[in-house]
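J.: Below is the structure I would like to discuss, written out as structure tokens.
The values are calculated or read from the model by the stated rules, or taken from the named source; none is laboratory data. Just so it is clear, the model here is predicted, and its values are computed rather than measured. Using ideal geometry, Cβ is built from the backbone for each residue, glycine included, and neighbour counts are taken over all protein chains shown. For the accessible areas, the whole protein counts, side chains as well, though only heavy atoms, and no ligand, DNA or RNA atoms are used. Shrake-Rupley method; radii C 1.70, N 1.55, O 1.52, S 1.80 Å.
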Amino acid sequence: MSERECDVVILGAGPAGEVAAGRLAAGGLEVVIAEQELVGGECSYWACMPSKALLRPAQAVDEARRLPGAAEAVTGTVDAAAVLARRDEIVHDLDDASQLPWLESKGIGLVRGTAVIEGERRVRVGEDLLVARRAVIVATGSAAAMPPIDGLADAKPWGNREATTTKTIPDRLVVLGGGVVGVEMAQAFQSLGAQVTLLEGGPRVLSREEEFAAEQVGDALREAGVDLRTNVKATAVARDGDGGTVTVTLDDGGSVSGDELLVAVGRRLLTSDIGLGALGLEEGKAIPTDLHLCVPGHDWLYAIGDCNGRALLTHQGKYQGRIAADHILGHGNASIVYGGPLSPRVIFTEPQVAAVGYTLAAAQEAGLDVRCVDVGSGANAGGAFYGRNVAFTGVDVAEQIHAATIAIVGDVPLDRLWHAVPSFPTRSEVWLHLMEAYGL
Ligand SMILES: Cc1cc2nc3c(=O)[nH]c(=O)nc-3n(C[C@H](O)[C@H](O)[C@H](O)COP(=O)(O)OP(=O)(O)OC[C@H]3O[C@@H](n4cnc5c(N)ncnc54)[C@H](O)[C@@H]3O)c2cc1C
């Protein structure tokens with residue numbers, strides 16, 4: 001058994017943990033990060049990066065097809081094997097060796113293994129005891145949640161990991177859940193040759209986003225050939241022998257079969273079995289944090305990223321990592337200014353959905369005095385170069401949402417925003433049209 005002292009110990013080297021480690025090290029502190037799997041976390045190997053690698057090729061082809069002149073150059077279909085090979089490159093064949101030089105260059109220590117908090121400022125990783133002089137940061141992330149559906153566990157369902165790292169495209173894929181992961185993976189697999197059935201328990205996909213956006217994504221999925229069924233719940237699952245057909249029984253009396261079943265109904269926060277119970281915190285739940293990401297009642301303990309449940313998004317986890325690091329470095333006013341469910345977010349389907357702040361319904365529910373204006377994002381000169389039939393939730397709108405984020409976070413009033421004139425011909429002219437529609 002060995003004991004090692006340092007300034008800060010971090011549990012988990014996903015994007016949140018890594019960013020915090022880098023900022024703390026840049027601030028002159030000695031940091032040790034514990035990782036039980038791969039440095040880079042869920043995001044790099046099984047979530048954001050591979051999912052976008054699976055989505056992007058078909059979207060690039062579709063984009064060319066929409067543009068007369070380029071469309072004529074598209075003569076074939078997407079090559080699924082080449083897409084999977086490129087995905088493997090993006091996830092470095094599930095090898096984190098390329099991440100290690102960065103840690104070394106910053107002087108950040110890495111201990112491989114499962115970390116458990118053993119008491120105040122004390123973290124055990126196997127035989128190693130890490131003692132933190134200043135703080136411990138929990139950044140353990142999340143995993144796919146598996147609902148208690150009869151027979152599901154025995155049917156070898158896919159979670160996001162199996163879907164994003166699959167070596168073959170199944171002929172038939174059933175997807176349970178029409179949230180972000182469900183719609184992204186349904187579109188990706190349909191574009192790669194699978195016949196996808198997407199089952200959503202509510203009346204529409206993407207229940208947390210604007211209804212018009214959800215409708216456009218639902219329409220796009222159906223047009224691509226996805227069998228999208230709403231208001232339907234799975235009541236039982238059974239697989240026919242090892243590797244055989246999987247059948248999902250539905251509460252409407254029907255059933256649907258596939259070669260694989262992807263469960264995308266939410267995330268399980270990895271906060272169990274890491275010693276939180278002994279600190280009086282509830283295991284398996286979001287770790288409570290104040291605006292400095294500090295855990296109330298434990299001034300030495302911080303929680304950042306998915307594990308605190310504030311906003312399960314990589315960029316928000318990294319933002320929290322920067323704030324926690326600054327607070328530990330002694331900047332007492334380092335705290336979250338804008339985040340949580342209002343965070344900027346992008347769904348990388350075609351069309352993309354990019355949003356920041358409240359939906360109209362959520363704003364009304366919160367009692368805000370709101371007025372809504374709608375304009376088409378393709379209805380400007382810049383939009384014309386992206387081809388025909390581009391809707392507001394359109395191609396590459398992900399890049400446009402940051403303008404709104406800046407306006408919101410900077411509290412920019414509309415009569416001031418009016419003077420931020422977008423260049424011609426860019427798609428940012430949508431902001432001019434929005435303000436015209438508002439009457440400015
Ligand atoms: C399919 C999919 C696609 C997504 N796409 C996007 C996207 O496009 N954009 C976006 O912003 N977000 C996306 N997300 C969400 C994003 O992946 C997460 O918000 C992000 O990974 C959270 O980062 P994190 O550092 O908190 O946790 P993680 O990335 O989960 O990393 C946590 C790390 O901690 C390690 N760990 C856990 N417990 C221990 C322990 N006890 N000891 C040591 N190590 C431990 C884990 O092994 C892991 O490496 C997606 C999620 C999914 C599932």
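Listed here are the residues, each with its yes/no results for (1) within 16 Å of the ligand (Cβ to nearest atom); (2) of a type outside the set (Ser, Thr, Tyr); (3) surrounded by 17 or more Cβ atoms within 10 Å (Cβ to Cβ).
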| residue | (1), (2), (3) |
| --- | --- |
| Met49 | yes, yes, yes |
| Leu55 | yes, yes, yes |
| Gln59 | yes, yes, yes |
| Asp62 | no, yes, yes |
| Arg65 | no, yes, no |
| Gly76 | no, yes, no |
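J.: Of the residues Arg310, Arg268, Arg322, which single one is in contact (Cβ under 8 Å) with a residue 24 or more places away in the chain, part of a loop (DSSP other than H, G, I, E, B) and under 24 Å from the mean Cα position of the chain (by Cα)?
T.: Every option except Arg310 fails the conditions.
J.: Any residue in the range 95-106 that's under 18 Å from Glu42 (Cα atoms): show its pairings with residues that are open to solvent by less than 80 Å² (accessible area, probe 1.4 Å) at Cβ separation under 6 Å, as long as the two are six or more apart or on different chains.
T.: Asp96/Leu38; Asp96/Val39; Asp96/Gly40; Gln99/Val39; Gln99/Gly40; Leu103/Leu110
J.: Yes or no: the range 203-211 includes at least one residue that is surrounded by fewer than 23 Cβ atoms within 10 Å (Cβ to Cβ) and in a helix (DSSP H, G or I).
T.: The answer is yes; a qualifying residue exists.
J.: Same structure again: Looking only at the range 10-38, how many residues end up being crowded, with 24+ Cβ neighbours inside 10 Å and within 8 Å of the ligand (Cβ to nearest atom)?
T.: 10
Residue-by-condition table, conditions (1) surrounded by 15 or more Cβ atoms within 10 Å (Cβ to Cβ); (2) modelled with pLDDT under 90:
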| site | (1), (2) |
| --- | --- |
| Arg371 | no, yes |
| Ser377 | yes, yes |
| Phe385 | no, yes |
| Ala391 | yes, yes |
| Gly394 | yes, yes |
| Thr405 | yes, no |
| Gly410 | no, no |
| Pro413 | no, no |
| Ser423 | no, yes |
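J.: When the range 136-169 is examined, which residues are found to be more than 16 Å from the ligand (Cβ to nearest atom) and open to solvent by less than 10 Å² (accessible area, probe 1.4 Å)?
T.: The answer is Leu152, Ala155.
Quick grid of which residues meet (1) in a helix (DSSP H, G or I); (2) in contact with a helix residue (DSSP H, G or I) (Cβ under 9 Å, 6 or more places away or on another chain):
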{"residue": "Arg124", "(1), (2)": "no, no"}
{"residue": "Ala132", "(1), (2)": "no, no"}
{"residue": "Met146", "(1), (2)": "no, yes"}
{"residue": "Ala163", "(1), (2)": "yes, yes"}
{"residue": "Ile169", "(1), (2)": "no, yes"}
{"residue": "Leu173", "(1), (2)": "no, yes"}
{"residue": "Gly178", "(1), (2)": "no, yes"}
{"residue": "Glu184", "(1), (2)": "yes, yes"}
{"residue": "Gln187", "(1), (2)": "yes, yes"}
